[in-house]
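Some notes on the structure that comes next.
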Amino acid sequence: MFTGIVEELGEVVEVTPLADAARITVLGPLVTTDARHGDSIAVNGVCLTVVEAGDGRFTADVMLETLRRSNLAAATPGQRVNLERAAALGDRMGGHLVQGHVDGTGRVLAREPAPHWELVRISLPPELARYVVPKGSITVDGVSLTVVALGEDDFTVSLIPTTLELTTLGRREVGELVNLEVDVVAKYVERLAGPYGAAATSENSIR
């Protein structure tokens, strides 16, 4: 589990394509200070398991499902990535509950700079739209953000100078893909309430 508060802007060192997966090595001196085999580190919001760590870098395997759902499929050496270690019990919850299970990708549609922040509009896949609400939480490239406005197929977030400086979101250009993870609470509510909605619909049909 993560909080969506990026600890470090790392750099992809090597990507090795495999038959149905990939192996990625990332430079991250901060997040590797206590990294051990089996630990979890989020890379652009994707929870990856450390298989090797040392010399300020770590290596992890990326399975096919993750490559299909995230922008890690396009990762190349030299690319900057957001890094966050798994949250520890007792830590402050600075962002929101983030699983590191990316739901899909969106595309940066527009950027509107302002004196003290920047508005960024991002496309929203139809299958994820029902989980997103204005002033709700969403994770973009591993960054916990608040939805400012919601359109039919896009949403807007406001980025403060710290986010622009210390994460990949300050460098994402219009047209680039970003990883999206919706609030897991919304998905659980839908799952739990589903049978009751179906029962109500069935009762109304009988009447």
Those strands (runs of 3 or more DSSP E) lying entirely in region 15-127 with at least 3 residues outside the structural domain of Glu181 (by TED's automatic domain parsing) and farther than 22 Å from Leu177 by Cβ: 46-54, 57-63
Test result for Val148, within 14 Å of the chain's Cα centre (by Cα) and either outside the structural domain of Asp183 (by TED's automatic domain parsing) or not in a helix (DSSP H, G or I) (or both): no
Failed item, numbered, when Pro125 is tested on (1) under 15 Å from the mean Cα position of the chain (by Cα); (2) surrounded by 15 or more Cβ atoms within 10 Å (Cβ to Cβ): (2)
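Which residue, of Asp91, Asp39, Asp61, is out of contact with any strand residue (DSSP E or B) (no Cβ under 9 Å at 6 or more places or on another chain) and touching a residue at least 24 places away in the same chain (Cβ under 8 Å)? Before the answer, list the steps.
Details: Asp39 fails: out of contact with any strand residue (DSSP E or B) (no Cβ under 9 Å at 6 or more places or on another chain); Asp61 fails: out of contact with any strand residue (DSSP E or B) (no Cβ under 9 Å at 6 or more places or on another chain).
The conditions single out Asp91.
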In region 88-116, residue farthest from Thr162 (Cα to Cα) [restricted to those that are at pLDDT 90 or above and more than 15 Å from the chain's Cα centre (by Cα)]: Leu109
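Return the only residue of Leu159, Leu145 being without any contact (Cβ under 8 Å) to a residue 60 or more places away in the chain and under 17 Å from Gly95 (Cβ atoms).
Criteria check complete, one pass: Leu159.
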Answer residue from region 154-199, given it is in contact with a Lys or Arg (Cβ under 9 Å, 6 or more places away or on another chain) and acidic (Asp, Glu) and is nearest to Arg130 (Cα to Cα) among those: Glu190
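The values are calculated or read from the model by the stated rules, or taken from the named source; none is laboratory data. None of the values given here were measured: they were computed from a predicted structure. We place every Cβ from the backbone using ideal geometry, glycine too, and count neighbours over all the protein chains shown.
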